[in-house]
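Reviewing the structure listed below.
Computed from the coordinates by the stated procedures, all read-outs in this text should not be read as laboratory data. Note that the structure is predicted; figures quoted are calculated from it, not measured. Every residue, glycine among them, receives a Cβ derived from its backbone with ideal geometry; neighbour counts consider all protein chains shown.
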Amino acid sequence: MLDVQLGELMGAAPAGVDEALALVTGFDEALTYGLARLGDERAQALNALAGALAGTPVGERLAEAVAKVAAGSVSDEHLAALAGGRAALFGAVHDTLLARLDAALGRTRAAVEQAGPGPDAEVADNLLAGCRAWLRELAITGWRGVDHDLVSSADQTIEALLAEPALRGLAVLLDGLAAELRASSPVATMDRVPARRWADLWTRATLLAQRGPWRDEAEEVSGRLLILGVDVHEHATAVRVQVHAVLEPSGGGQARLVRTSVAAAKVDTIVGPTVWRLFGGHPTLLAALAEHRSLEITDMPLLPGGDLIWHDDRARTGDEADPLAVARLQLPVATAAAVTPLDRHPVRIAEPVFVEGYKSDGSSLKLGEHTIAFDLDRLPSCGPLTPALLKASTACIGLLRWDAGRWTLQPLGVQATVKKQPVAAHTGDWAQGPTDPKVVKAEARSGDVVAVLRERAGRLLRK
């Protein structure tokens, strides 16, 4: 990325962004205290939301929903309209920011295609109705009114959803929201409610719980996958690695930016490089990450949003492929995937970029007259990247993100000079085990936590 590109991106927020986010904040405040207890100020916030979208396709339904809710009538249809209006505002902010990013990078993006039909099974309708009932109770009660009884009332529905493969994504979303609410209950005693986050989860769940074209058909693709880097999402009970890559289709054609993810359940004692041992069922992917190799994939499902559904048996490792060279040569010409409707949210922006020739203090980089902060909170403990290494770096593959009103760069790999020697480090380097002698010794002292837990689980199952 050149200095002028960074300058174009780092300017003041586009017109209308702050105003749109203020409208969302007003809605989230109403959801915090419950739609059954709006009051004049929060009713005005909902009216402002409807007024901002009056000239859009959702304007009429949203205005009707706001009027009904203010009068004390809260139905599933009204909540779907409110969720749709909130999502539309965030979608507009997302599109504005992404358009600025694409313009600054000169990046071409695929057009959004019309989604396919939703599920027709009667069991899905029954389960979706159960989801909507719980989400309606949350909206009426408000976050401040949530207690253990209200959270527990969703358990049976979530359990049934998990048994339906087509609805498992919604099930995991609801399960995560319920877990956060359960851990915070009674919410009335909390000093500060994460209103934006919980409203985001509620909005997405409410829309997914409608019958609609949310489940797109995948196309099968083949070709060479050139890895840029891996983003590790780690929580106390789960970990996901999301690989960003460039796909060169078989038979020629335009290179495409894609992602693929694998996930595993865990316990909070599995941390650091040990988490890679949870992905033993994906040896081909792990080898490509650790050895910096390309992957030859055959008939791998690809969703419209650019996500490959990973099947390790449909891939084989190829030649060496330096991620830094891939980023330098392929990122300027690869076509970015379209963003599907439900993913149009600013916090979901995570665009791979390559920056070089900068100076760094370990917390940010300076290129010419412009500075951008590193997102240090996203540096995973299962890889070799550290603030010290970032300080010594002069080239970086990273994900551009937008949150809290500013752009940040999440490093995935760097080129640095350490003790006058060039060093390259990437978040996936330890996918087959750590290479740092100090980390190896520390792991040896602590033992194989995963093996111990598996042995104990096996022993319990045999009893």
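By how many nm would the segment from residue 359 to residue 313 grow when fully extended, if each residue of separation counts as 0.36 nm and the alpha-carbon distance is taken off? The partial results should precede the final answer.
Working: separation 46, 0.36 × 46 = 16.56 nm, distance 4.24 nm.
Computed gain between residue 359 and residue 313 is 12.3 nm.
Shape of the stretch 90-210 from its Cα gyration tensor (a ≥ b ≥ c, root eigenvalues): rounded if a/c is under 1.5, otherwise prolate when a/b > b/c, or oblate?
Details: a/c = 2.84, a/b = 1.35, b/c = 2.11.
Oblate shape, in that a/c is at least 1.5 and b/c is the bigger or equal ratio.
Looking at the P(r) of the stretch 1-102, how many percent of alpha-carbon pairs lie beyond 21 Å?
The calculated P(r) of the stretch 1-102 puts 39 percent of pairs beyond 21 Å.
So the label point goes 7 Å from the Cα of residue 436 along Cα→C-beta, right? Which residues of the stretch 277-321 then have their backbone N under 20 Å from it?
Of the residues in the stretch 277-321, 277-278, 289-292 have backbone N under 20 Å from the label point off residue 436.
With labels modelled as points extended 7 Å from the Cα through the Cβ direction, what inter-label distance (nm, one decimal) is found for residue 180 paired with residue 36?
Computed distance between label sites residue 180 and residue 36 equals 2.3 nm.
Can you pull the Rg over Rh of the stretch 219-330, Cα-only, Kirkwood?
0.98
Can you pull the percent of Cα pairs in the stretch 3-208 with separation above 33 Å? Could you put the intermediate results ahead of the total?
Numbers: 4542 of 21115 pairs.
It works out to 22 percent of all Cα pairs.
Could you state the angle between the C-alpha long axis of helix 39-52 and the longest principal axis of the C-alpha atoms of the chain, as a value from 0 to 90 degrees rounded to the nearest 10?
Taking the Cα atoms of the chain, the angle to 39-52 is about 60 degrees.
Run the simple label-point estimate for residue 44 and residue 162 please: 7 Å along Cα→C-beta, distance reported in nm.
Computed distance between label sites residue 44 and residue 162 equals 4.6 nm.
Restricting to Cα atoms and excluding each atom paired with itself, what does the Kirkwood estimate give for the stretch 388-444 in Å?
13.1
I need the shape label for the stretch 264-348. Rule: rounded when a/c is under 1.5, else prolate if a/b > b/c, else oblate, with a, b, c from the alpha carbon gyration tensor.
oblate
Please give, to one decimal in nm, the separation of the simple spin-label points placed at residue 103 and residue 191, each 7 Å out from Cα toward the Cβ.
4.2
Within a 10 angstrom radius of the beta carbon, how do 96, 260 rank from fewest other beta carbons to most? Walk me through the numbers on the way to the answer.
Details: 96 17, 260 26.
So the residues, fewest neighbours to most, are 96, 260.
So if we plug the beta-carbon distance of residue 125 and residue 419 into 1/(1 + (r/R0)^6) with R0 = 56 Å, what FRET efficiency do we get, rounded to 0.05?
0.30
Roughly how tilted is helix 449-462, in degrees to the nearest 10 and between 0 and 90, from the longest Cα axis of the chain?
60
Take the Cβ-Cβ distance between residue 172 and residue 217 as r, set R0 to 22 Å, and report the resulting FRET efficiency rounded to the nearest 0.05.
0.60
If exposed means no more than 10 neighbouring beta carbons inside 10 Å and the site is in a DSSP loop, what's the longest run of the chain without any exposed GluC sites (Glu not before Pro)?
Numbers: sites that count: 113, 217, 369.
Looking at the chain, 218-368 is the longest stretch - no exposed GluC sites (Glu not before Pro) with at most 10 other Cβ atoms within 10 Å.
If I take every Cα pair under 8 Å that is 6 or more residues apart in the chain, average their sequence separation and divide by the length, what percent do I get for the relative contact order?
Working: 811 pairs, mean separation 68.4, N = 463.
Computed value for the chain: 15 percent relative contact order.
Starting from the Cα gyration tensor of the stretch 304-438, take the square roots of the eigenvalues, sort them a ≥ b ≥ c, and report rounded, prolate or oblate (rounded when a/c is under 1.5, otherwise prolate if a/b is larger than b/c, else oblate).
oblate
Taking just the alpha carbons, could you work out the radius of gyration and Dmax for the chain, both in angstroms?
Looking at the chain, its Cα Rg and Dmax stand at 23.4, 71 Å.
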